[in-house]
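See below for the structure under consideration.
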Amino acid sequence: MPVTLSYHDYHLALLKSLFDTLRAQAMLMEQVPEESNQLFFERFEELIEQLEQGEQDSLYKGQDIICQIISRYPQIAQLIPRDLLWYFGGDCLHFMPDEEIVKYQQLDELQAEALDRGEDFDWVSARQAAF
C-alpha cells in the first residue's frame, strides 16, 4: 500500500524539488549577479527549514520567494509546480488562470469535507482526478 503524504509534506517535497532544480540551473542565470543569487538561495533554504519546523508564518515568505522566481528567473518560471502557487496563495494567485483557481478551490472544499467527516484526504490522488 503506497504511503500518502500529508498536504503539508506533499508541498514541502515539491518545494525541495524546485529548490534543487533551481540550484542546478543557477549557472544558467547569468543575468542575475552571483551575490544576489546566493542571498536568494539562502532565503529559500531558510523557507524550507521553517516549513519543516511547521512555522505557518513562513507561508508569507513562500509567496515572496515564488514571486521572486517568476520575476528574477522568467526563463525557468514554468518549472514552478502549479500546486505551489496555490499552496502559498496571495500574490502567487496572480499567476494562475481563473479556471485553475476554481479547480483548486474545489479540491480545498473536498479536503475540508473529508476532514469534517474525520476521514483522511489524499491530496495527490484528488488532484490527479481533478486535473
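Some values worked out for this structure:
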| read-out | value |
| --- | --- |
| Considering residues of segment 41-96 that are among the small types (G, A, S) and at pLDDT below 90 only, the residue surrounded by the most Cβ atoms within 10 Å (Cβ to Cβ) | S58 |
| Which listed residue, of Q105, Q38, is modelled with pLDDT of 95 or more and surrounded by fewer than 16 Cβ atoms within 10 Å (Cβ to Cβ) | Q105 |
| Boolean, A114 is hydrophobic (A, V, I, L, M, F, W, C), out of contact with any helix residue (DSSP H, G or I) (no Cβ under 7 Å at 6 or more places or on another chain) and surrounded by 14 or more Cβ atoms within 10 Å (Cβ to Cβ) | yes |
| Contacts under 9 angstrom Cβ, first residue in segment 34-52 being of a type in the set (K, R), partner surrounded by 11 or more Cβ atoms within 10 Å (Cβ to Cβ), 6 or more apart | R43/K61; R43/D64; R43/I65; R43/Q68 |
| Selection from segment 76-131 of residues that are farther than 19 Å from Y60 by Cβ and among the β-branched types (V, I, T) | I76, I101, V102, V124 |
| Of all residues making up segment 36-71, the number that are of a type in the set (A, V, I, L, M), more than 13 Å from the chain's Cα centre (by Cα) and within 16 Å of L84 (Cβ to Cβ) | 0 |
| Near pairs, Cβ below 9 angstrom, 6+ apart or cross-chain, from segment 84-101 (in contact (Cβ under 8 Å) with a residue 60 or more places away in the chain) to any residue that is of a type in the set (F, W, Y) and surrounded by fewer than 20 Cβ atoms within 10 Å (Cβ to Cβ) | Y87/Y7; Y87/Y10 |
| Filtered residues of segment 73-83 (kept if more than 13 Å from H11 (Cβ to Cβ) and in contact with a helix residue (DSSP H, G or I) (Cβ under 7 Å, 6 or more places away or on another chain)) | I76, A77, L79 |
| Filter result (among the aromatic types (F, W, Y) and either under 23 Å from E45 (Cβ atoms) or assigned to a helix (DSSP H, G or I) (or both)) within segment 69-122 | Y73, W86, Y87, F88, F95, Y104 |
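The values are calculated or read from the model by the stated rules, or taken from the named source; none is laboratory data. As the structure is a prediction and not an experimental result, all values here were calculated from the model. No Cβ is skipped: glycine too gets one built from the backbone with ideal geometry, and neighbour counts run over all protein chains shown.
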